[in-house]
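The values are calculated or read from the model by the stated rules, or taken from the named source; none is laboratory data. Owing to the predicted nature of the structure, the values given are computational and were not obtained by experimental measurement. Here the Cβ positions follow ideal geometry from the backbone for every residue, glycine too, while neighbour counts run over all protein chains shown. Surface areas here come from the heavy atoms of the whole protein model, side chains and all, with no ligands, DNA or RNA. Shrake-Rupley method; radii C 1.70, N 1.55, O 1.52, S 1.80 Å.
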Amino acid sequence: TCGVAAAGTVWCWGDNAVGQLGLDRLGDPAPPAKVPFLQDAVSVDAGAFHTCALRQGGDVLCWGDNLNGQLGTGSRQRSSVVAAPVGLPSVTAVSAGFGHTCATVRGGGLYCWGASERGQTGSSDDEDLLRPTPVTGLDDVRQVSAGQQHTCMVRGVEVQCMGSNTTSQLGDGTATHSDRPRRVVQPSTGARPR
């Protein structure tokens, strides 16, 4: 678990097996402790085994597991200290998922990186993305939330999702995976349960 203090520092606690607390060490669970080298955070998001923080000015720092490239550093080397994703433009929001990360950028674009096996990064290739990569055709994304193997976003007045759809988590009325955002369908108001 992580949170941002009023002064812009980030505090994390809990499991630290792969450095997801950013405390410059691995190992035992830890009580709340301040993440070193991070003084100007505006938000933080903890994924399954990695964490990312958005700094004033639009920079992102991530730490923890990097098996799928979810730190965006261009490698698969995990980091127990803050590390900057490579080539990421100015960010407005960041969301850490299970093995991937996505960020909205100024102008409404969406960048994703990490695990891509179900299309959760907007890539049609199931190879992991080791660096932040723009999702083509998106210039109106206002919010993003990365899940286990899927990603949802607010575009204009619609909610759209992409990635794994095994349990219909894309909300499009199907169980088909998609590497392109699909509109979440509202249930019919005329139907009555039987």
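Calculate the length of the line joining the C-alpha centroid of region 161-181 to that of region 43-89, in whole Å.
Centre-to-centre distance over Cα atoms comes out at 26 Å.
All other residues with a Cβ under 12 Å from the Cβ of Ala5 taken together, and with Lys, Arg as +1 and Asp, Glu as -1, what is their net charge?
Result for the neighbourhood of Ala5: 0.
Keeping the other protein chains in place, figure out the carbon and sulfur percent of the accessible area of region 88-149, with a 1.4 Å probe.
42 percent
Dipole of the chain (Lys/Arg Cβ +1, Asp/Glu Cβ -1, origin at the Cα centre): which of Val4, Val185, Ala103 lies farthest to the positive side?
The Cα lying farthest towards the positive end belongs to Val185.
Which whole-number percent gives the relative contact order of the chain, counting Cα pairs below 8 Å spaced six or more residues apart?
Normalised by residue count, the contact order of the chain is 13 percent.
Under a Cβ-only charge scheme (Lys and Arg +1, Asp and Glu -1), can you give me the dipole magnitude of the chain about the Cα centre, in debye to the nearest 20?
460 debye
How would region 1-134 be classified by its alpha-carbon gyration tensor: rounded, prolate or oblate, with rounded meaning a/c under 1.5 and the a/b versus b/c comparison settling the rest?
oblate
Set Lys and Arg Cβ to +1 and Asp and Glu Cβ to -1, take the dipole of the chain about its Cα centre, and tell me which of Phe49, Thr151, Gly27 lies farthest positive.
Value: Thr151.
Taking the Cα centre of region 76-179 as origin, work out the dipole magnitude from +1 charges on Lys and Arg Cβ and -1 charges on Asp and Glu Cβ, in debye rounded to 20.
Dipole about the Cα centre, nearest 20: 420 debye.
Report ³J(HN,Hα) in whole Hz for each residue of region 148-154, in order, from the Karplus equation J = 6.51 cos²θ - 1.76 cosθ + 1.60 where θ = phi - 60°; Gly and Pro get x.
Those phi angles translate into 5, 9, 8, 9, 10, 8, 9 Hz.
Leaving out ligands and nucleic acids, note down the accessible area per residue over the chain with a 1.4 angstrom probe, in whole Å².
With the other protein chains kept in place, the chain gives 49 Å² per residue.
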